Amino acid sequence: MIGQITFDNQYCHNTRYVFSKSIFASAIFLSLCAFLPSPTLSQELTPKTTPEVVKQVSAAVVVLTTEGRGRTPDSQASGVIINDGRTIITNLHAVAGASKVSVHLEDGRTVEAVGYMGMDEKRDLICIQIAERFKSGSYPDLAALEDLSIGQKVIAIGSPQGLANTVSEGIISGIREFDEGTSVIQTTAPLSPGSSGGGLFNDQGELIGITSFLHTGGQNLNFAYPTDYILPLLAKTEPQPFASLKAPTYEPSKAGITVYVTRTGSKYHRETCRYLRRSKIEITLLEAVDRGYTSCSVCKPPILE
Ligand SMILES: [Zn+2]
């Protein structure tokens, strides 16, 4: 009897992290969970080293190249294979406007994506599908936002500037709420252009976010959208052709935009504002808002909604 309870408890615990299990089964076990004490992550799981995590998940991080995007042919981004081994999550901005998306697998194969499934313009995420199931590596489980802690170790894997599976390490330095109901993971793990759509993993090798944008002004501010926003994109539909996907009309999240403040003022400004004559300090919009600066009424810089 005791053994049975222990097993159930273990299973319930895991369902919080494994989204890919059927929702029905999760619901049953989660309802059982309500009657059982839940163990904490630290009691249950030994942290893996960065090389261990990389070995576990790097095959699931793929390079995407696109064609047909006008002036920027063959642009390149990253993506993460999830779910059934045929689904790749990446940033919408990485593939929007493309007529063809090619997926470069770790085993050397290049396969053409058959189309896209769900997408979320607000969170800059899209699920694309390949015809064949990816078999030569394991694909990661997803960890939920509610199970993340500020300060925990994270590992980013992406393909900046064509350098496949570039690894960086850091911590979660913040969990921010943007717009209404959009949370973003802020991390110290360095990202570079081309890392868009790469994976941010915890010390169990679970996917916790999709690396999406960074601040280019020299501060170590990098952002990922949590995996919670991926689930609704996995609904079963026929893949849609990329040609039906228009070039982006949305504004990517503004947190990493560069704005300017002065040594003594309380406002933040656009670069050209006349109030910046005496001093000009470059920070992100997020930092400006965090530090209590308010928007200049003369130059009308972007605001965080
Ligand atoms: Zn101004």
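Restricting attention to segment 141-149, does a residue exist that is at pLDDT below 90, in contact with a Ser or Thr (Cβ under 8 Å, 6 or more places away or on another chain) and outside any strand (DSSP E or B)? Break it down stepwise before answering.
In the first step, residues of segment 141-149 are kept if they are at pLDDT below 90; the result is none.
Looking through segment 141-149, none of the residues is at pLDDT below 90, in contact with a Ser or Thr (Cβ under 8 Å, 6 or more places away or on another chain) and outside any strand (DSSP E or B).
Quick one: which of 194, 205 is surrounded by 16 or more Cβ atoms within 10 Å (Cβ to Cβ), under 18 Å from residue 79 (Cβ atoms) and modelled with pLDDT of 80 or more?
Numbers: 194 fails: modelled with pLDDT of 80 or more.
Being surrounded by 16 or more Cβ atoms within 10 Å (Cβ to Cβ), under 18 Å from residue 79 (Cβ atoms) and modelled with pLDDT of 80 or more holds for just one of 194, 205, which is 205.
For residues in segment 281-299 being over 24 Å from residue 182 (Cα atoms) and within 11 Å of the ligand (Cβ to nearest atom), which is surrounded by the most Cβ atoms within 10 Å (Cβ to Cβ)?
Filtering segment 281-299 down to residues over 24 Å from residue 182 (Cα atoms) leaves 281-282, 296-299.
Retained after the next criterion (residues that are within 11 Å of the ligand (Cβ to nearest atom)): 296-299.
Values: 296: 21, 297: 7, 298: 12, 299: 18.
Taking the candidates together, the pick is 296.
Could you check, for segment 43-50, whether at least one of its residues is in a helix (DSSP H, G or I), at pLDDT 75 or above and among the aliphatic types (A, V, I, L, M)?
In the first step, residues of segment 43-50 are kept if they are in a helix (DSSP H, G or I); the result is 43-44, 50.
Still in the running and at pLDDT 75 or above: 50.
Applying the additional criterion that residues be among the aliphatic types (A, V, I, L, M) yields none.
No, because not a single residue in segment 43-50 is in a helix (DSSP H, G or I), at pLDDT 75 or above and among the aliphatic types (A, V, I, L, M).
Residue by residue through segment 80-114, note down the ones that are touching a residue at least 60 places away in the same chain (Cβ under 8 Å) and either in the same structural domain as residue 210 (by TED's automatic domain parsing) or in a strand (DSSP E or B) (or both).
Residues satisfying the conditions are 80, 82, 87, 89, 90, 91, 100, 101, 104, 113, 114.
If I filter segment 164-191 down to residues being within 13 Å of the chain's Cα centre (by Cα) and not in a loop (DSSP other than H, G, I, E, B), which single residue comes out as modelled with the highest pLDDT?
172
The values are calculated or read from the model by the stated rules, or taken from the named source; none is laboratory data. Remember, it's a predicted structure, so these values are computed and weren't measured experimentally. All Cβ positions, glycine included, derive from the backbone under ideal geometry; neighbour counts span all protein chains shown.
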